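The values are calculated or read from the model by the stated rules, or taken from the named source; none is laboratory data. These numbers come from a predicted model, not from an experiment. Glycine also receives a Cβ, built like all others from the backbone with ideal geometry; neighbour counts cover every protein chain displayed. Areas reflect the complete protein model, heavy atoms only, side chains present, ligands, DNA and RNA absent. Shrake-Rupley method; radii C 1.70, N 1.55, O 1.52, S 1.80 Å.
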Amino acid sequence: MSHKYCYLFSEGNANMRELLGGKGANLAEMTNIGLPVPQGFTISTEACTQYYEDGRKINDEIMAEIMKNVEIMEKINGKKFGDMKNPLLVSVRSGARASMPGMMDTILNLGLNDDVVAAMIKGNPDPKFERFVYDSYRRFIQMFSDVVMEVGKKYFEALIDKMKEEKGVKYDVELTAADLKKLAEQFKAEYKKQLGVDFPSDPKVQLNEAIRAVFRSWDNPRANVYRRDNDIPYSWGTAVNVMPMVFGNLNDNSGTGVAFTRDPATGEKKLMGEFLTNAQGEDVVAGVRTPMPISQMAEKFPEAYDQFIKVCDVLEKHYRDMQDMEFTVENGKLYMLQCRNGKRTAQAALKIACDLVDEGMRSEEEAVLMIDPRNLDTLLHPQFDAKALKASNPVGKGLGASPGAACGQIVFNAADAEAWKKAGKKVVLVRLETSPEDITGMKAAQGILTVRGGMTSHAAVVARGMGTCCVSGCGDIVMDEENKKFTLAGKDYHEGDYISIDGSTGNIYDGIIPTVDASIGGDFGRIMSWADKYRKLKVRTNADTPRDAKKARELGAEGIGLCRTEHMFFEADRIAAFREMICASTPEAREKALDKIMPYQQGDFEALYEAMEGNPVTIRFLDPPLHEFVPSEEEEIKLLAKNLGMSVEAVKAVIQGLHETNPMMGHRGCRLAVTYPEIAKMQTKAVIRAAIKVKAKHPDWNLVPEIMIPLTGEVKEFKFVKDVVVETADEEIAAAKSDLKYEVGTMIEIPRAALTADDIAKEAEFFCFGTNDLTQMTYGFSRDDAGKFLGAYYDAKIFENDPFAKLDQVGVGKLMKMAVSLGRTSRPTLHCGICGEHGGDPTSVEFCHEIGLDYVSCSPFRVPIARLAAAQAAIKEQGK
């Protein structure tokens, strides 16, 4: 039997997500539980993969199976493609296994042509019906042209605007059947003008082209960006759902809506959504008309509304999660077109998860698994200062579509948002309405403000998913995109002017309102306490200042996994002494200069130990090449020469001598300590003296400093530096008559260190993976320059992710796994962690759990993300 590529809705179920995509699996599941779903079929993700393997063609075998399923669908629905008496019209929608709102394409009303339109009108003399048919036809021509044939929407929108202007009307619904008939003719003429061929009239040709367009949209630029940001593999492909049309734009007894079983912004348990009479689905989502709240549907369609309330209850209980649903009422009858676990803000996700536990629908472990760790970021970012906010009056108000506070300079398009961000500016993107093409600009902006659209518009859904503040549907704004300005409350706002927006209230403010750090409570605390209960990995922080350390402790850090001591040398009161050390020509002169810095270093370490309250503190010794510390400006060089009593030429000679062709692989890390052991001595004294002093104040604290030697590649170089550290530390401890314990370990950043980890572990008491350098050295990429060519790698599908942001588990991961295994054969008590940027990336945290690391370390604000990701890794492992 040949491979099966198509499944009727009655043949699938919710567990077939990988094959049918999220939308197809849920349509099948709703069919199974007896909900009113128009009966169609799903073309599987495997067909999409085959389409790309066959050079972007739908092969004959798959096309034959599609047409066979079209025939079955015709029989089930009692209608036929292209039939003059009872024509079948369908929608063709994408549906990947992960929800990607607005990223791929949809075509509605497929199957219409001049003959079908004439036959439909002939069979129903009602003038309103004639209007409906022409409305559906012009929509189909526009959508097919835009989505399938890639003729820009703008040509058609210009024709609609011109028609409305001529007729003196504001809304599309005010155009008559004759107007829409004329528009359909104009649209077809525009199609021919743009493409040089007539609009296709054969419904089967239309269907073939539409399916190809959906498959093609899996590889469009906006889908690729979204996939990279949301860890969705390219190899998954998308399914295609072909289903009979039901018409919300049939008459005034019809309509369409989008609803959530709980509030997606706050998580409150109440039905929330929007509804438009005499409209099709894209009208609600695109925000072309501002819809009415779902509650008003009860007055308009009482029977359909009562049925819909029951459906909501059935779906939420069935899926045990908040549902996002699309539905249509045709002539008073309800049809369900989609359901999925709804996108929600981080705040709502926490509340919903806790409420579902309290309602007995979910266990604690399931609640922990429901939260996307990356979304916690939004809870941990600044809100407006309450005092400043109280003193400010809003100049306008829209819908609070995605919470948070944003303040920045106004830009009017995605390209400018990206460019201004690169220039270091904070921007607020202001649009009439956003479309999927705006995704890169939305990512670059602090916040998004739209003139049109509701809580379920593209801007709202995508902003919530990204955790970006968004205010939508501020109809009071008079937009002038061409001249890059808008008017609100009698004031003109130009590109570059500052505004502030509040994504929780929908308020818009003139100018800059200061922000304050977010405070987290109730539901966040509960979820985190459950996460801590189930996780095995410890979570530390990367912190160089007491302020960062304190913040991290507040957010649940269990120690410092990386303190970069070089950051401390750049402060004004110590950089002069360090430069003196660099310019010194004898060990004695270097020691004399370093003695000036030592009290500062000691004070820094004392403050970190105090902030960590006896939790582990790992201090990395000096890592960067020395050229980073010397001045480059002529005036600064002269000043340094004067302070050191040296000639300018002599200082310049020292600076020139530090120049390296490839400094990232040059004289840095433990190589500095081999050349200048006095640096390691000074840092050891500061670490140990600080620890002895703090331990004397807090005898109950288990204070064991961890001294980390960076960039080891050979056990003998590690032993050389370790001997310096141990000799100095033991002298200090003996002199103080202390019983302080300490450990000396190394960073694994060079592939050779991973390959010889069994030898290194004979000397090192702990390993910490510096995955930024390890990734750089394994790939042979300079992390500072890779951005220049990685874009081409994404486009060519060589890479799906930036390897510096998401750990390469295949190559770099193999080295890590090997290092842990080899290291523990030599030293079973060896503890291992990670302190690169990957320590806060959820998928990388899961990998760290799998290979048996003891802890991950990340920036303070990513600590909750790592705690949650670690718990999810442990819970998933239990469930296997």
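For the range 644-676, filtered to residues that are open to solvent by less than 50 Å² (accessible area, probe 1.4 Å) and touching a Phe, Trp or Tyr at 6+ places or on another chain (Cβ under 8 Å), the residue that is nearest to residue 716 (Cα to Cα) is 670.
What do you reckon, is residue 400 touching a residue at least 60 places away in the same chain (Cβ under 8 Å), crowded, with 22+ Cβ neighbours inside 10 Å and farther than 30 Å from residue 251 by Cβ? Even if it seems obvious, please write down each step before you answer.
Working: touching a residue at least 60 places away in the same chain (Cβ under 8 Å): yes; crowded, with 22+ Cβ neighbours inside 10 Å: yes; farther than 30 Å from residue 251 by Cβ: yes.
Yes, satisfied.
Checked against (1) assigned to a helix (DSSP H, G or I); (2) within 24 Å of residue 506 (Cβ to Cβ), residue 366 meets all criteria but (2). Summed over the range 162-173, the residues that are surrounded by 15 or more Cβ atoms within 10 Å (Cβ to Cβ) and either touching a His at 6+ places or on another chain (Cβ under 9 Å) or under 22 Å from residue 291 (Cα atoms) (or both) give a count of 3. Consider the range 492-503 and keep the residues that are assigned to a strand (DSSP E or B) and at pLDDT 95 or above. The one that is farthest from residue 516 (Cα to Cα) is 492. Go through the residues of the range 128-141 one by one and say whether even a single one is touching a strand residue (DSSP E or B) at 6+ places or on another chain (Cβ under 7 Å), β-branched (Val, Ile, Thr) and either crowded, with 23+ Cβ neighbours inside 10 Å or within 20 Å of residue 280 (Cα to Cα) (or both). No.
The single residue among 280, 307 that is open to solvent by less than 50 Å² (accessible area, probe 1.4 Å), within 25 Å of residue 251 (Cα to Cα) and either touching a strand residue (DSSP E or B) at 6+ places or on another chain (Cβ under 6 Å) or touching a residue at least 60 places away in the same chain (Cβ under 8 Å) (or both) turns out to be 280.
For the range 426-441, give me each residue that is part of a helix (DSSP H, G or I) and surrounded by 24 or more Cβ atoms within 10 Å (Cβ to Cβ). Working first, answer last.
Kept after step one, since they are part of a helix (DSSP H, G or I), are these residues of the range 426-441: 436-441.
Answer for the range 426-441, where residues must be part of a helix (DSSP H, G or I) and surrounded by 24 or more Cβ atoms within 10 Å (Cβ to Cβ): 438, 441.
Sub-7 Å Cβ pairs linking a first residue in the range 184-198 that is at negative phi to a second residue that is charged (D, E, K, R) and not in a loop (DSSP other than H, G, I, E, B), at least 6 apart or interchain, are 184/138; 187/138; 198/192, ordered by first then second residue. Among the residues of the range 816-838, the ones that are in contact with a helix residue (DSSP H, G or I) (Cβ under 8 Å, 6 or more places away or on another chain), open to solvent by 10 Å² or more (accessible area, probe 1.4 Å) and closer than 26 Å to residue 374 by Cβ come to 1 in all. Among the residues of the range 379-397, the ones that are open to solvent by 40 Å² or more (accessible area, probe 1.4 Å) and of a type in the set (Gly, Ala, Ser) come to 2 in all. Applying a threshold of 8 Å to beta carbon distances and a minimum spacing of six or more residues, or different chains, the list of pairs starting in the range 80-103 at a residue that is touching a residue at least 24 places away in the same chain (Cβ under 8 Å) and part of a loop (DSSP other than H, G, I, E, B) and ending at one that is of a type in the set (Asp, Glu) and surrounded by fewer than 19 Cβ atoms within 10 Å (Cβ to Cβ) reads 81/74; 82/115; 82/202; 84/115; 88/74; 97/18. Remark: pairs (first residue in the range 647-666, outside any loop (DSSP other than H, G, I, E, B); second residue loosely packed, with under 15 Cβ neighbours inside 10 Å; Cβ separation under 6 Å; 6+ apart in sequence or on different chains) = 648/638. Of the residues making up the range 15-53, those that are outside any loop (DSSP other than H, G, I, E, B), touching a residue at least 60 places away in the same chain (Cβ under 8 Å) and either open to solvent by 20 Å² or more (accessible area, probe 1.4 Å) or of a type in the set (Lys, Arg) (or both) are 17, 18, 19, 23, 29, 46, 49, 52. Looking at the range 512-526, can you tell me whether even one residue there is modelled with pLDDT of 90 or more, open to solvent by 10 Å² or more (accessible area, probe 1.4 Å), of a type in the set (Phe, Trp, Tyr) and outside any strand (DSSP E or B)? Yes; the residues of the range 512-526 include at least one that is modelled with pLDDT of 90 or more, open to solvent by 10 Å² or more (accessible area, probe 1.4 Å), of a type in the set (Phe, Trp, Tyr) and outside any strand (DSSP E or B).
Just one of the listed residues (786, 870) is touching a Cys at 6+ places or on another chain (Cβ under 9 Å) and surrounded by 15 or more Cβ atoms within 10 Å (Cβ to Cβ), and it is 870.
Could we say that residue 351 is farther than 22 Å from residue 463 by Cβ, among the basic types (Lys, Arg) and over 20 Å from the mean Cα position of the chain (by Cα) here?
No, not satisfied.
Hey, can you tell me all the residues within the range 646-666 that are acidic (Asp, Glu) and within 14 Å of residue 624 (Cβ to Cβ)? Walk me through how you get there before you give the answer.
Of the range 646-666, the ones acidic (Asp, Glu) are 649, 660.
Hit for the range 646-666 is 660, nothing else.
For the range 245-276, which residues satisfy the criterion of being in contact with a helix residue (DSSP H, G or I) (Cβ under 6 Å, 6 or more places away or on another chain), surrounded by fewer than 24 Cβ atoms within 10 Å (Cβ to Cβ) and of a type in the set (S, T, N, Q)? Hits for the range 245-276 are 251, 266.
For the range 758-789, which positions are part of a loop (DSSP other than H, G, I, E, B), more than 25 Å from residue 722 (Cβ to Cβ) and of a type outside the set (Gly, Ala, Ser)?
781, 783, 784, 785 - these are the residues of the range 758-789 that are part of a loop (DSSP other than H, G, I, E, B), more than 25 Å from residue 722 (Cβ to Cβ) and of a type outside the set (Gly, Ala, Ser).
Within the range 144-161, can you find the residues that are open to solvent by 30 Å² or more (accessible area, probe 1.4 Å) and either part of a helix (DSSP H, G or I) or among the acidic types (Asp, Glu) (or both)?
Going through the range 144-161, the residues open to solvent by 30 Å² or more (accessible area, probe 1.4 Å) turn out to be 146, 149-150, 153-155, 157-159, 161.
Scanning the range 144-161 gives 146, 150, 153, 154, 155, 157, 158, 159, 161.
Of the residues making up the range 636-643, not a single one is in contact (Cβ under 8 Å) with a residue 24 or more places away in the chain, surrounded by 20 or more Cβ atoms within 10 Å (Cβ to Cβ) and either charged (D, E, K, R) or under 21 Å from residue 684 (Cα atoms) (or both).
What strands (runs of 3 or more DSSP E) lie completely within the range 527-641 and have 3 or more residues being over 30 Å from the mean Cα position of the chain (by Cα) and either under 18 Å from residue 706 (Cβ atoms) or among the hydrophobic types (A, V, I, L, M, F, W, C) (or both)?
On the way: elements: 538-542, 560-564, 617-620.
Here the list reads 617-620.
Here residue 454 fits the description: within 17 Å of residue 343 (Cβ to Cβ), in a loop (DSSP other than H, G, I, E, B) and out of contact with any Cys (no Cβ under 9 Å at 6 or more places or on another chain). Identify, please: which residue in the range 839-862 is over 17 Å from the mean Cα position of the chain (by Cα) and β-branched (Val, Ile, Thr) and is, among those, least open to solvent (accessible area, probe 1.4 Å)? It comes out as 856.
Among the residues that make up the range 553-567, is at least one of them without any contact (Cβ under 8 Å) to a residue 24 or more places away in the chain and either open to solvent by 10 Å² or more (accessible area, probe 1.4 Å) or out of contact with any helix residue (DSSP H, G or I) (no Cβ under 9 Å at 6 or more places or on another chain) (or both)? Even if it seems obvious, please write down each step before you answer.
Step one: of the range 553-567, the residues without any contact (Cβ under 8 Å) to a residue 24 or more places away in the chain are 554, 567.
Keeping just the survivors that are either open to solvent by 10 Å² or more (accessible area, probe 1.4 Å) or out of contact with any helix residue (DSSP H, G or I) (no Cβ under 9 Å at 6 or more places or on another chain) (or both) gives 554, 567.
Checked against the condition, which is being without any contact (Cβ under 8 Å) to a residue 24 or more places away in the chain and either open to solvent by 10 Å² or more (accessible area, probe 1.4 Å) or out of contact with any helix residue (DSSP H, G or I) (no Cβ under 9 Å at 6 or more places or on another chain) (or both), the range 553-567 yields at least one hit.
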